[in-house]
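Any read-out appearing in this document is the output of simple, stated calculations on the displayed coordinates, not a laboratory observation. Everything numeric in this text was worked out from a predicted model, so none of it was measured. No Cβ is skipped: glycine too gets one built from the backbone with ideal geometry, and neighbour counts run over all protein chains shown.
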Amino acid sequence: MIDFLPWDAEIESPATIAILGGGPLGIEAALYARFLGYHVSIFESRRVAHRMLDWNNRSLSLPASELTTSLGIAALRAQYPDVRDIDPGRMLTGKEYAEEYLLPLAKTDLVFDDIHFLSPVSDISRLRFRTEPDWASPEEYSWQERCNDEFRLVIRGRHRGVWTSRADCVIDCRGDATESRGLGPGGGTAIGELEHAGDLYAYLPGDRKFDAKQAAGKRIVLVGGTAEACLGVREFLEFQNANPQTQFCWIVPPADSEDPEPLRLLRSELSMRASSDIVIIESLGVEKISKDDRGEWVLELLKDDDSTVVFRCDVLVRRTGNCTPPISPTLLVENSRANHWLGESVSSNKEHLHRLVQEVLTPEPGYFRLRAPSDPWVANNANASDDSTQVANVQLVCPTRGGTMPEAFARLQCIFAILGGRADLNLYEIMRKQQLNDTE
């Protein structure tokens, strides 16, 4: 299917595929693999679909037709003969998507026995191959020998302890939110943040685990300028309206031309809002955090290069963005020189396929990255008015932390087309045709 790689990317079934992450894409990847006869092992650091469950009763603002697939529907019908299909036009909440689609899929015979809950992968390496290429002449490297070597995964399970597993291929579906950026400037770590990380409040009012009793009547500070922070500001303001004794402060970076649209719109809206229900402090970041003898947070905010201001609160919420750290220093996945070489080596006549291949391949043979295709938090500005005095009611949505899901499913199809050596391999189309025939 692809002829620019210095290794043969095809892997015949039965082979073992390790899937990192038990979210929508991880479950979908496992289904696709199992339908093709591969063995799978799914490693999830928490529980299946936990992000969707956390998204709770917020709308995903996407119809079910874009969140489900013909493959998933086929698996549900086979496992649960009396199941009712989800209306394709129905707009699902995160909780509905998880409970009516993702969790039932995870419980099917196809994948249930292969899911390892509470089992994050802490390291991945090759079993035998140790050498790295000379990037001045990468074509002289033994790429095929490296590709033929197994992956060795180290798992730190909450119940089983530390153990290892092996796989012929890895599909990384962890998404972009495995670790939070710090409270400090530029997402760095504030002094004292690591020591007090466990005391930071983890939930927004719309989250399923939010405890109103812990926040009502308290002084709440939310730090961050991300779109998720904007969602938190809106929800905490609503919470404050229902709990008038609650005080709320938003610590946000100074305005910048590169600010995301949700942040710009919220700034504009709040600037025209004649109200004292929110305190907004612009700061480069939190320089230092600590707790006093009464358990109050003491925040030292960096206002500019060399001036600080001290602020106190009862509840501290961090929404500074997320990142996914490299899975292993021994793999070539995040090697910038390798990525450059890989990009320069591509030649394809099919532009769309070429783009998909580039988005899923990594410089590590047999290691694929299946990520969502766009900013996971988007602003629904459809009701914006041309009147400059009117500010759009920004609705922040979390479509599986992943932009348009059809694009993500297309990337998944591309991965298995590469593994199968067939550009026309499309289980989704096969299942669609079969389901159409069944209804005729």
Spin-label zone in the stretch 272-307 - amide nitrogen under 17 Å from a point set 7 Å from the Cα of Asp199 along the C-beta vector: 286-301
Sequence-distant lysines (8 or more away, or on other chains) whose Cα lies within less than 28 Å of Lys213: Lys95, Lys288, Lys291
Sparse-neighbour loop sites [trypsin sites (Lys or Arg not before Pro); the stretch 269-306; at most 10 other C-beta within 10 Å; DSSP]: Arg294
In nm, spacing of pseudo-spin labels at Ile191 and Gln435 (7 Å Cα→C-beta vector): 5.8 nm
Pairwise label distance in nanometres, Lys291 with Ser59, each label 7 Å out on the Cα-Cβ vector: 4.0 nm
Label-point gap, in nm, between Glu179 and Ala242 - each point 7 angstrom along Cα→Cβ: 3.5 nm
Candidate lysines - alpha carbon under 26 Å from Lys433, same-chain residues fewer than 8 apart omitted: Lys107, Lys350
FRET efficiency for Ser142 and Ser122, using Cβ-Cβ distance with R0 set to 30 Å, rounded to 0.05: 0.65
Quotient of C-alpha Rg and 2.2 N^0.38 Å, computed over the chain: 1.07
Sites Phe35 and Ala255, calculated FRET efficiency, Cβ-Cβ separation with R0 51 Å, nearest 0.05: 0.55
Potential extension, Cys323-Asp277 segment - 0.36 nm per residue separation minus Cα distance: 13.4 nm
Equivalent ellipsoid, the stretch 104-168 (semi-axes from 5 times Cα gyration tensor eigenvalues, Å): 32, 15, 9
Bridge type composition, the chain - antiparallel percent by DSSP, nearest 5: 50 percent
Kirkwood hydrodynamic radius (C-alpha pairs) into Stokes-Einstein, the stretch 188-295, 20 °C and 1.002 mPa s, D in µm²/s: 143 µm²/s
Cα pair distances in the stretch 165-226, grouped into 10 Å bins until the bin that holds the longest one, percent each: 14, 37, 30, 14, 5, 0
